[in-house]
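Q: Sending over a structure as C-alpha coordinates; questions will come in a sec.
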Amino acid sequence: MEKETLNSPGIEIPPDIQGTVTVTTLDRLYNWSRRNSLWPMMFGLACCAIEMICAAASRYDISRFGMEVMRPSPRQADFMIVSGTVTKKMVPQIVRLYNQMAEPKYVVSMGACANGGGPFKEGYNVVPGIDRFLPVDVYIPGCPPTPQALLNGLITLQKKVDGESIKTARWYQKAPIDAVPIPVLGPDLMDPRQYDNIARISRLKNDEAPSTNVLEEPPISSTNIEEVGS
(Lines give C-alpha, C1' and ligand atoms only; values in the text may rest on other atoms or scores of the structure.)
Protein backbone atom coordinates (compact mmCIF):
# COMPACT_ATOMS: atom_id res chain seq x y z
CA MET A 1 0.00 0.00 0.00
CA GLU A 2 1.10 3.54 -0.65
CA LYS A 3 2.21 5.60 2.30
CA GLU A 4 -0.63 7.81 3.46
CA THR A 5 0.01 11.51 3.59
CA LEU A 6 -2.10 14.55 4.34
CA ASN A 7 -0.13 16.79 2.02
CA SER A 8 -1.95 17.91 -1.09
CA PRO A 9 -0.42 16.50 -4.30
CA GLY A 10 1.93 18.83 -6.16
CA ILE A 11 2.98 20.87 -3.13
CA GLU A 12 6.59 20.40 -2.13
CA ILE A 13 7.55 20.80 1.53
CA PRO A 14 11.21 21.12 2.54
CA PRO A 15 12.50 17.93 4.16
CA ASP A 16 13.55 19.67 7.37
CA ILE A 17 9.97 20.69 8.21
CA GLN A 18 7.99 17.79 6.72
CA GLY A 19 7.32 16.38 10.20
CA THR A 20 5.97 19.71 11.41
CA VAL A 21 4.18 21.41 8.52
CA THR A 22 1.42 20.01 6.33
CA VAL A 23 -0.30 21.83 3.48
CA THR A 24 -3.64 20.27 2.75
CA THR A 25 -7.33 20.98 2.19
CA LEU A 26 -10.28 20.70 4.54
CA ASP A 27 -11.81 17.92 2.43
CA ARG A 28 -8.61 15.91 2.51
CA LEU A 29 -8.24 16.28 6.28
CA TYR A 30 -11.91 15.46 6.87
CA ASN A 31 -11.86 12.36 4.66
CA TRP A 32 -8.50 11.19 6.06
CA SER A 33 -9.95 11.12 9.57
CA ARG A 34 -13.10 9.29 8.45
CA ARG A 35 -11.46 6.69 6.22
CA ASN A 36 -9.25 5.49 9.07
CA SER A 37 -12.05 5.10 11.62
CA LEU A 38 -14.89 3.37 9.75
CA TRP A 39 -16.76 1.22 12.25
CA PRO A 40 -18.78 -1.68 10.81
CA MET A 41 -22.06 -2.85 12.29
CA MET A 42 -21.77 -6.22 14.00
CA PHE A 43 -24.22 -8.57 12.37
CA GLY A 44 -24.10 -11.39 9.84
CA LEU A 45 -26.60 -13.30 7.76
CA ALA A 46 -25.04 -16.53 6.50
CA CYS A 47 -21.74 -18.20 5.61
CA CYS A 48 -20.20 -14.92 4.38
CA ALA A 49 -20.28 -13.73 7.98
CA ILE A 50 -17.71 -16.44 8.86
CA GLU A 51 -15.30 -14.93 6.33
CA MET A 52 -16.00 -11.49 7.80
CA ILE A 53 -15.08 -12.83 11.24
CA CYS A 54 -11.87 -14.30 9.81
CA ALA A 55 -10.97 -10.90 8.34
CA ALA A 56 -11.28 -9.39 11.81
CA ALA A 57 -9.02 -12.02 13.38
CA SER A 58 -5.27 -11.74 13.84
CA ARG A 59 -4.18 -13.19 10.49
CA TYR A 60 -5.80 -10.46 8.37
CA ASP A 61 -6.40 -7.86 11.10
CA ILE A 62 -8.72 -5.16 9.76
CA SER A 63 -7.59 -3.01 12.69
CA ARG A 64 -4.82 -1.86 10.35
CA PHE A 65 -7.53 0.12 8.61
CA GLY A 66 -9.26 1.32 11.79
CA MET A 67 -12.24 -0.98 11.17
CA GLU A 68 -11.91 -3.47 14.00
CA VAL A 69 -14.41 -1.74 16.29
CA MET A 70 -17.60 -3.57 15.31
CA ARG A 71 -20.53 -1.87 16.95
CA PRO A 72 -23.63 -3.80 18.09
CA SER A 73 -25.70 -0.62 17.82
CA PRO A 74 -26.55 0.89 14.41
CA ARG A 75 -26.34 4.37 15.93
CA GLN A 76 -22.61 3.89 16.50
CA ALA A 77 -21.81 2.24 13.16
CA ASP A 78 -20.48 3.90 10.01
CA PHE A 79 -21.17 1.17 7.48
CA MET A 80 -23.09 -2.06 7.12
CA ILE A 81 -21.68 -5.28 5.68
CA VAL A 82 -24.55 -7.32 4.25
CA SER A 83 -22.82 -10.68 4.51
CA GLY A 84 -24.89 -13.59 3.30
CA THR A 85 -28.24 -14.68 1.94
CA VAL A 86 -30.94 -12.00 2.24
CA THR A 87 -34.32 -13.59 2.82
CA LYS A 88 -37.64 -11.79 2.47
CA LYS A 89 -38.25 -12.24 6.17
CA MET A 90 -34.95 -10.51 7.00
CA VAL A 91 -35.16 -7.51 4.64
CA PRO A 92 -37.47 -5.39 6.86
CA GLN A 93 -35.02 -5.75 9.76
CA ILE A 94 -32.02 -4.86 7.57
CA VAL A 95 -33.74 -1.73 6.24
CA ARG A 96 -34.78 -0.73 9.77
CA LEU A 97 -31.19 -1.05 10.98
CA TYR A 98 -29.97 1.00 8.03
CA ASN A 99 -32.42 3.78 8.84
CA GLN A 100 -31.19 3.86 12.42
CA MET A 101 -27.60 4.46 11.33
CA ALA A 102 -26.38 8.06 11.43
CA GLU A 103 -25.01 9.87 8.40
CA PRO A 104 -22.55 9.43 6.82
CA LYS A 105 -23.28 5.74 6.31
CA TYR A 106 -22.33 3.18 3.69
CA VAL A 107 -23.40 -0.30 2.59
CA VAL A 108 -21.06 -3.11 1.50
CA SER A 109 -22.71 -6.03 -0.28
CA MET A 110 -20.61 -9.12 0.46
CA GLY A 111 -21.03 -12.28 -1.56
CA ALA A 112 -23.08 -13.55 -4.46
CA CYS A 113 -26.24 -13.92 -2.37
CA ALA A 114 -26.25 -10.32 -1.20
CA ASN A 115 -25.26 -9.08 -4.66
CA GLY A 116 -27.90 -10.91 -6.69
CA GLY A 117 -29.40 -13.85 -4.82
CA GLY A 118 -26.60 -16.31 -5.55
CA PRO A 119 -27.61 -19.96 -6.03
CA PHE A 120 -30.92 -19.20 -4.29
CA LYS A 121 -31.97 -16.47 -6.71
CA GLU A 122 -34.96 -18.42 -7.97
CA GLY A 123 -36.06 -19.37 -4.48
CA TYR A 124 -39.43 -18.22 -3.24
CA ASN A 125 -38.00 -16.73 -0.03
CA VAL A 126 -34.76 -15.04 -1.22
CA VAL A 127 -34.33 -11.45 -2.37
CA PRO A 128 -32.32 -11.19 -5.64
CA GLY A 129 -29.98 -8.51 -4.35
CA ILE A 130 -29.99 -6.13 -1.38
CA ASP A 131 -29.56 -3.20 -3.79
CA ARG A 132 -33.28 -3.44 -4.54
CA PHE A 133 -33.89 -1.91 -1.13
CA LEU A 134 -30.67 -0.18 -0.01
CA PRO A 135 -28.11 1.97 -1.85
CA VAL A 136 -24.98 -0.18 -2.13
CA ASP A 137 -21.56 1.49 -2.27
CA VAL A 138 -19.26 -1.52 -2.76
CA TYR A 139 -19.96 -4.99 -4.20
CA ILE A 140 -17.69 -7.90 -3.23
CA PRO A 141 -18.06 -10.97 -5.48
CA GLY A 142 -17.54 -14.55 -4.39
CA CYS A 143 -19.42 -17.45 -2.81
CA PRO A 144 -18.27 -16.87 -0.20
CA PRO A 145 -15.64 -14.14 -0.69
CA THR A 146 -12.33 -14.74 1.00
CA PRO A 147 -11.08 -12.43 3.76
CA GLN A 148 -8.66 -10.97 1.21
CA ALA A 149 -11.60 -10.07 -1.03
CA LEU A 150 -13.32 -8.36 1.89
CA LEU A 151 -10.17 -6.39 2.63
CA ASN A 152 -10.05 -5.30 -0.99
CA GLY A 153 -13.67 -4.18 -0.75
CA LEU A 154 -12.94 -2.20 2.41
CA ILE A 155 -9.98 -0.51 0.72
CA THR A 156 -12.32 0.35 -2.18
CA LEU A 157 -14.69 1.91 0.34
CA GLN A 158 -11.82 3.99 1.71
CA LYS A 159 -11.08 5.24 -1.80
CA LYS A 160 -14.73 6.23 -2.17
CA VAL A 161 -14.52 8.19 1.07
CA ASP A 162 -11.35 9.92 -0.18
CA GLY A 163 -13.23 11.24 -3.22
CA GLU A 164 -16.07 12.87 -1.27
CA SER A 165 -16.39 16.58 -0.58
CA ILE A 166 -18.07 18.48 2.21
CA LYS A 167 -19.71 20.76 -0.36
CA THR A 168 -21.54 17.94 -2.14
CA ALA A 169 -22.05 15.43 0.70
CA ARG A 170 -25.74 14.62 1.10
CA TRP A 171 -25.57 14.78 4.90
CA TYR A 172 -24.54 18.45 4.79
CA GLN A 173 -27.29 19.59 2.44
CA LYS A 174 -30.21 21.67 3.70
CA ALA A 175 -32.81 19.28 2.32
CA PRO A 176 -33.79 16.48 4.73
CA ILE A 177 -32.72 12.92 3.97
CA ASP A 178 -35.73 10.66 3.71
CA ALA A 179 -35.60 7.26 5.38
CA VAL A 180 -35.79 4.16 3.21
CA PRO A 181 -39.34 2.76 3.39
CA ILE A 182 -39.43 -0.50 5.33
CA PRO A 183 -40.77 -3.36 3.16
CA VAL A 184 -43.90 -5.16 4.27
CA LEU A 185 -43.87 -8.95 4.42
CA GLY A 186 -47.32 -10.17 3.41
CA PRO A 187 -48.19 -12.81 0.82
CA ASP A 188 -44.96 -11.57 -0.76
CA LEU A 189 -42.41 -8.87 0.03
CA MET A 190 -43.90 -5.48 -0.91
CA ASP A 191 -41.89 -2.29 -1.24
CA PRO A 192 -43.95 0.75 -0.14
CA ARG A 193 -42.36 2.70 -3.00
CA GLN A 194 -44.10 0.31 -5.43
CA TYR A 195 -47.59 0.49 -3.92
CA ASP A 196 -48.94 2.65 -6.77
CA ASN A 197 -47.59 0.26 -9.41
CA ILE A 198 -48.93 -2.76 -7.51
CA ALA A 199 -52.40 -1.20 -7.30
CA ARG A 200 -52.35 -0.22 -10.99
CA ILE A 201 -51.33 -3.70 -12.13
CA SER A 202 -53.99 -5.28 -9.89
CA ARG A 203 -56.69 -3.07 -11.42
CA LEU A 204 -55.55 -3.94 -14.93
CA LYS A 205 -55.65 -7.67 -14.17
CA ASN A 206 -59.10 -7.37 -12.67
CA ASP A 207 -60.37 -5.50 -15.75
CA GLU A 208 -58.87 -8.09 -18.11
CA ALA A 209 -60.21 -11.09 -16.18
CA PRO A 210 -63.17 -12.74 -18.01
CA SER A 211 -66.48 -12.56 -16.23
CA THR A 212 -67.74 -15.94 -15.00
CA ASN A 213 -71.39 -16.96 -15.04
CA VAL A 214 -72.41 -18.15 -11.60
CA LEU A 215 -75.54 -20.28 -11.34
CA GLU A 216 -77.67 -18.67 -8.70
CA GLU A 217 -80.14 -20.79 -6.76
CA PRO A 218 -83.68 -19.41 -6.40
CA PRO A 219 -84.31 -17.70 -3.09
CA ILE A 220 -86.11 -19.77 -0.46
CA SER A 221 -89.67 -18.61 0.00
CA SER A 222 -92.33 -19.58 2.52
CA THR A 223 -94.11 -21.73 -0.10
CA ASN A 224 -90.93 -23.69 -0.76
CA ILE A 225 -90.54 -24.30 2.95
CA GLU A 226 -94.09 -25.58 3.23
CA GLU A 227 -93.57 -27.94 0.29
CA VAL A 228 -90.42 -29.34 1.87
CA GLY A 229 -92.24 -29.79 5.19
CA SER A 230 -95.16 -31.63 3.63
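Q: Six or more apart or on different chains, Cβ atoms under 7 Å: show the pairs whose first residue is in region 155-170 and over 16 Å from residue 135 (Cα atoms) and in a loop (DSSP other than H, G, I, E, B) and whose second is of a type in the set (A, V, I, L, M, F, W, C) and open to solvent by 40 Å² or more (accessible area, probe 1.4 Å).
A: 166/26
Q: Now a separate question. Limited to region 171-198, what total is found for residues that are assigned to a loop (DSSP other than H, G, I, E, B), at pLDDT below 85 and surrounded by 14 or more Cβ atoms within 10 Å (Cβ to Cβ)?
A: Number satisfying all stated conditions: 1.
Q: Give me a count of the residues in region 3-18 that are open to solvent by less than 90 Å² (accessible area, probe 1.4 Å) and closer than 23 Å to residue 64 by Cβ.
A: Final tally of qualifying residues: 4.
Yes/no per residue for (1) open to solvent by 50 Å² or more (accessible area, probe 1.4 Å); (2) farther than 25 Å from residue 133 by Cβ; (3) aliphatic (A, V, I, L, M):
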residue	(1), (2), (3)
20	yes, yes, no
27	no, yes, no
32	yes, yes, no
58	yes, yes, no
67	no, no, yes
76	yes, no, no
84	no, no, no
88	no, no, no
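Q: Regarding region 49-65, can at least one residue be identified that is modelled with pLDDT of 90 or more and within 30 Å of residue 9 (Cβ to Cβ)?
A: No, region 49-65 contains no residue that is modelled with pLDDT of 90 or more and within 30 Å of residue 9 (Cβ to Cβ).
Q: Find the residue count for region 124-135, including only residues that are open to solvent by less than 30 Å² (accessible area, probe 1.4 Å) and either in contact (Cβ under 8 Å) with a residue 60 or more places away in the chain or on the phi < 0 side of the Ramachandran plot (or both).
A: Counting residues in region 124-135 that are open to solvent by less than 30 Å² (accessible area, probe 1.4 Å) and either in contact (Cβ under 8 Å) with a residue 60 or more places away in the chain or on the phi < 0 side of the Ramachandran plot (or both) gives 5.
Q: Determine which member of the set 38, 6, 45 is touching a Phe, Trp or Tyr at 6+ places or on another chain (Cβ under 9 Å), modelled with pLDDT of 90 or more and outside any helix (DSSP H, G or I). Break it down into steps so the answer makes sense when it comes.
A: On the way: 6 fails: modelled with pLDDT of 90 or more; 45 fails: touching a Phe, Trp or Tyr at 6+ places or on another chain (Cβ under 9 Å).
Of the residues listed, the single one that is touching a Phe, Trp or Tyr at 6+ places or on another chain (Cβ under 9 Å), modelled with pLDDT of 90 or more and outside any helix (DSSP H, G or I) is 38.
Q: Could you check, for region 67-83, whether at least one of its residues is part of a helix (DSSP H, G or I), within 19 Å of residue 138 (Cβ to Cβ) and touching a Pro at 6+ places or on another chain (Cβ under 9 Å)?
A: Within region 67-83, none of the residues are part of a helix (DSSP H, G or I), within 19 Å of residue 138 (Cβ to Cβ) and touching a Pro at 6+ places or on another chain (Cβ under 9 Å).
The values are calculated or read from the model by the stated rules, or taken from the named source; none is laboratory data. Quick caveat: nothing in here was measured; it's all calculated off a predicted structure. Reconstructed Cβ throughout: ideal geometry from the backbone, glycine too, with neighbour counts over all protein chains shown. Calculation scope for accessible area: heavy atoms of the full protein, side chains included, ligands and nucleic acids excluded. Shrake-Rupley method; radii C 1.70, N 1.55, O 1.52, S 1.80 Å.
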